[in-house]
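Reading through the C-alpha cells given below for one structure.
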Amino acid sequence: MWLLQGAWVLAVLAVLADSSPTASPPDKASIFADLSATELRAVRTFLMSRPELGLSPSRGGPLAKNTLFLVELLPPKKELALRYLDQGGPRPRRQARAVVFFGGQTEPNITEFAVGPLPQPSFYRPLRFKGGRTIPFAARPMTQLEYELLHHTLAEATEPLYRLLRDSTGFWFHNCSRRCLTFSDIAPRGLAPGERRSWLVLQRFVEGFFLHPVGLEVLVDHQDPDPRRWTVQQLWYNGQYFSSPQELAERYEQGTLEVAQLEEPPSRQLFSSYEPRGRFTTGTPTEVHGAKVCEPQGRRYWLRGNRLEYGGWSLAFRLRSSAGLQLFDLRFNGERLAYEVSVQEAIAFYGGHTPAAMQTKYMDAGWGMGSVTYELARGIDCPEVATYLDAHHLYDADGPVRFSSAICIFELPTGVPLRRHFDSDFQGGFNFYAGLEGQALVLRTTSTVYNYDYIWDFLLYSNGVMEAKVHATGFIHATFYTPQGRRYGSRVHSHVLGNLHTHLVHYKVDLDIAGPGDSPGTWGGRDGGSLGLAAPTGASGGVSAVPHAPPMATVPSAQDLVAWVTVGFLHVPHAEDIPNTATPGNAVGFFLRPFNFFDEDPSVASRSTVIVRPLDPPTFSQLEIQRWTPASPGPCGAPGPFTYNG
C-alpha cells in the first residue's frame, strides 16, 4: 500500500556510471520532456502567423494589444501516456500549452491554447476551464512592459516629493543617476473582482534593496489598459495616510510632517550585503575550502535525455516554466510507484501595519515560479561534480531564453549510514559489524521569486524512499518600521520590520501502485504477487507519505488516488535573517516510504556495504573485512577553479 499519514515526528524540524546526456532522449521518457528551443520558436512562429489572433511582440508598444505570454509543454493525457508506456499503444502527439493575453479587443481576456503537433504545429484550440469561464484580463500576471510603465508612472507621481525624498533618504526617482529609488509590488492587486491596483513599497536602490524601505508606500490603480489613465489613489508615509502626493508634499513644506530621517548607507559592508564582516571567536580557519562532494570512481547514475536512473530508481523529469519541477513515471526495480510527483504552488501570507504588508498574499506560480531558474553556482548551490543542465523558457519574452545550469543532479553523502549494526558479544568484543553507506541522488533547481529564493529538491534513496524538500532562503519581505508594526513582526534593523508570514508549499502526488485504477477501494498486498493500496490504518503492500511538518491534505479522486500534499511553516523574522534567511530550520517536505511493498529492504542490492567479522575471538587480532567496492576510494579534488556566468 501507499499510505498518506500525518505523523509529525520531530516537529522542531518544521521542517549514475555514464551520465552524459545523449543528443536525443529515449523515446518513452521524451513524451514528458520540456520543449526544446526549436519547438518553442516553432510554436511562437506559428501563432504569430495566424492573422485571426492578431499577436504583437511582447516588449514595447501599448498594453492594449494581443501578446503571447507563455509557451510550455502540454503533457499528454494520463490515459494515453500509460497506453503508450505500458501497452505498446501509439505515441501521444506532442503539444504545447500557450497562454495568450488578448488585451487589444473589446472584451480583454486571457486564453490558453493547445498547439500541435510538434515539431511542426498546424493547429491550435482553446483549453476550456470548468464551466466554460474565461480568465479576466485584470487577473493576468505582471509583465516587464507593465513594470516599466509602473516605474514611469511612479516617477511622475513622486516629482512633488523630490525634496522630501532627497532630504530624508538621499535618494529619489526622477533624474536620479546613482541615487535612485526603486519599488517592490505586492499581491493581490485589489480586493474585488476586476480590480488591478497595487501597493508599491519604495526602497533605496542599493545592494539588497529589499531591506531598505524608505517609509513611503503608494497605491496605483493600473486597471485601465491605457497607462495615461493610471492614477495614484493613496499614499502611506511613516504611519500616516495621504490622498495625493501633493498633500504629502504640502505637509512637508509646512513643517507639520513627522519625517523619517534615514542615515546615509555606507559604501562598503552594507548590512544587506554578503560581504564578510566580524570574526569568529575561536579563530578556526574559514579562508580555506571546507568539505566537498566528490565522485572518486565516477558517477553512479545514468542520465539519458530526461530519463534519470539510480540504483533501483527510474523516472522522467521536466522543469515547467509555470510551476517548476515535475516528475513522471517513477519506478523502483521496474514497478511504477507514482505516475506524477510535482511542485504545484508556493504561497506566503503576510501580516503587517503598513497597507502593503497587511495585503500581501503571494501565490508564486502567478509570478512565473518555474521560469526564474537562474544559474546554479558550482560548489555552492550544487557540488562541483554535479551534472548541470540548461533550461529554455518562453515566458514574457519574444522568443525562448536559455537559462544555463538551471538544474543539477548529484549523489550526496548523507553523513549518516543508511543502515548499521554493531553486534556485541557482551564480553568486551563483538560478533560482527555491518554498515551501508548513506547516499542519495539529488535532483535540484531553484526559483528566485523577487526577494525569496526557493531551493527545490527531490532525493532518491536506495531503500526505495523518495523525499521531496524545499528550502527557503533569500531576503525577507520587509516593510518600514513603526512602533505599531511590532505586533506583526520583529525589528531587524533601525528602520526595518521583518513581517510575520506563513509559507505553504503545495505538491501533487499521483500514486500508481496498482496501476491507473488504484483507488481507496482497491485492496491487497503481496499475496499472490499482487500489489494494492491500503488505507492509512494499515493493510499491507504500500508506501506511506510522511510530511516533515503539518499541514497536509489528501483528496482522492474517482478511479485514481491523487494526494495533494501541503507542507509549510510559520516564519517569524529575526535579526539573524539579515542579510538573508538561512536554510537550516527553514525546510519542509515529505517522504514517500515503502510499507510492506518489498519483501525486504531493497537496499540489500547495494554493493556499498561493509561487513567486519573477527577471525580469532576472543583475542580479535585478525579481522575479515568484506566489501564489494575498492578498498580505497581514491583522491578527491575539485576539477577546476570556480566560474559563474549568471
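The values are calculated or read from the model by the stated rules, or taken from the named source; none is laboratory data. All values derive from a computational prediction rather than experimental measurement. Cβ sites come from the backbone with ideal geometry, for glycine too, and all protein chains shown count toward neighbours. Side chains included, ligands, DNA and RNA excluded: accessible areas come from the protein's heavy atoms. Shrake-Rupley method; radii C 1.70, N 1.55, O 1.52, S 1.80 Å.
This model, with +1 at the C-beta of Lys and Arg and -1 at the C-beta of Asp and Glu, gives the chain a dipole about its Cα centre of some 920 debye.
What shape does region 420-521 have by the C-alpha gyration tensor, where a ≥ b ≥ c are the square roots of the eigenvalues, rounded means a/c under 1.5, and otherwise prolate means a/b greater than b/c and oblate the rest? In terms of gyration-tensor shape, oblate. Neighbours of Gly485, meaning other residues whose beta-carbon lies under 14 angstrom from its beta-carbon, give a summed charge of +2 when Lys and Arg score +1 and Asp and Glu score -1. Of the whole protein surface, Ser621 contributes about 90 Å² of accessible area at a 1.4 Å probe radius.
Only helical runs count toward this figure. For the chain, summing -39,500 (n - 2.57) over DSSP H runs of n ≥ 4 and dividing by all residues gives -2500 deg cm²/dmol at 222 nm. With an a/c value of 1.5 or above and a/b larger than b/c for the gyration tensor axes a ≥ b ≥ c computed over the alpha-carbon atoms, region 116-209 is described as prolate. Extension gain for Arg178 to Gln223 (0.36 nm times residue separation, less C-alpha to C-alpha distance): 13.1 nm. Largest accessible area first, the residues Thr169, Thr45 order themselves as Thr45, Thr169 under a 1.4 Å probe with ligands, DNA and RNA left out. Ordering Tyr362, Trp302, Thr45 by the projection of their Cα atoms onto the charge dipole of the chain, which places +1 on the Cβ of Lys and Arg and -1 on the Cβ of Asp and Glu, puts Thr45 at the extreme positive end. A Förster radius of 41 Å, combined with the Cβ-Cβ distance separating Gln246 from Thr134, puts the computed FRET efficiency at roughly 0.55. Kirkwood analysis of region 26-128, using all unique Cα-Cα pairs, places the hydrodynamic radius at 14.7 Å.
Surface composition of region 347-408: carbon and sulfur make up 57 percent of the accessible area, probe 1.4 Å. Figure the gain on full extension for Val259 and Gln297 (residue separation times 0.36 nm, minus the Cα-Cα span) and round it to one decimal in nm. That pair, Val259 and Gln297, stretches by 7.2 nm at full extension. Charge tally for Tyr461 (other residues, Cβ to Cβ under 14 Å; Lys, Arg +1; Asp, Glu -1): -1. Taking trypsin sites (Lys or Arg not before Pro) across region 92-160, the ones in a DSSP loop with at most 12 further Cβ atoms lying within 10 angstrom of their Cβ are Arg93, Arg128, Arg133.
Under the shape rule built on the C-alpha gyration tensor, where the axes satisfy a ≥ b ≥ c, region 271-429 is oblate, since a/c reaches at least 1.5 while a/b does not exceed b/c.
At full extension, Asp560 and Asn596 could sit 10.9 nm farther apart than now, given 0.36 nm per residue minus the alpha carbon distance. A 1.4 Å probe over all protein chains sorts Val612, Val288, Val43 by accessible area into Val288, Val612, Val43, starting with the largest. When Trp628, Trp313 are compared by accessible area at a 1.4 angstrom probe, the order from most to least is Trp628, Trp313.
With the charge dipole of the chain set up from +1 on Lys and Arg Cβ and -1 on Asp and Glu Cβ about the Cα centre, the Cα lying farthest toward the positive end among the listed residues Tyr274, Pro602, Ile186 is that of Ile186.
Between Gln622 and Arg125, the modelled label-to-label distance comes to 7.7 nm, taking each label 7 Å out from Cα in the direction of the beta carbon. Using a cut-off of 14 Å between beta-carbons, work out the net charge of the residues near Arg59 (Lys and Arg +1, Asp and Glu -1, Arg59 not included). Net of charged neighbours comes to -2. For the chain, the per residue solvent-accessible surface stands at 46 Å², with DNA, RNA and ligands left out and a 1.4 Å probe. For mean projected area of the Cα convex hull in nm², the value computed from the atomic coordinates appears in the list (1) 94.8; (2) 37.1; (3) 35.1 under label (3).
Rounded to the nearest 0.05, the FRET efficiency derived from the C-beta distance between Ala575 and Thr502 at R0 = 22 Å is 0.60. In the chain, a dipole from Cβ-located charges (positive for Lys and Arg, negative for Asp and Glu) runs towards its positive end, and of Val465, Phe432, His289 it is Val465 whose Cα lies farthest in that direction. For region 28-139, a simple Cβ point-charge model (Lys and Arg +1, Asp and Glu -1, everything else neutral) yields a dipole of about 200 debye relative to the Cα centre.
Taking every lysine pair in the chain that is 8 or more places apart or spans two chains, those with Cα atoms closer than 17 Å amount to 6. Accessible surface of region 144-254, 1.4 Å probe: 47 percent of it comes from carbon and sulfur atoms.
Taking N as the number of residues in region 144-254, what is its Cα Rg relative to 2.2 N^0.38 Å? This ratio for region 144-254 stands at 1.03.
Take the solvent-accessible surface of the protein heavy atoms, probe 1.4 Å, and return the percent of it on region 28-139 that carbon and sulfur atoms account for. Carbon-and-sulfur percentage of accessible area, whole number: 53.
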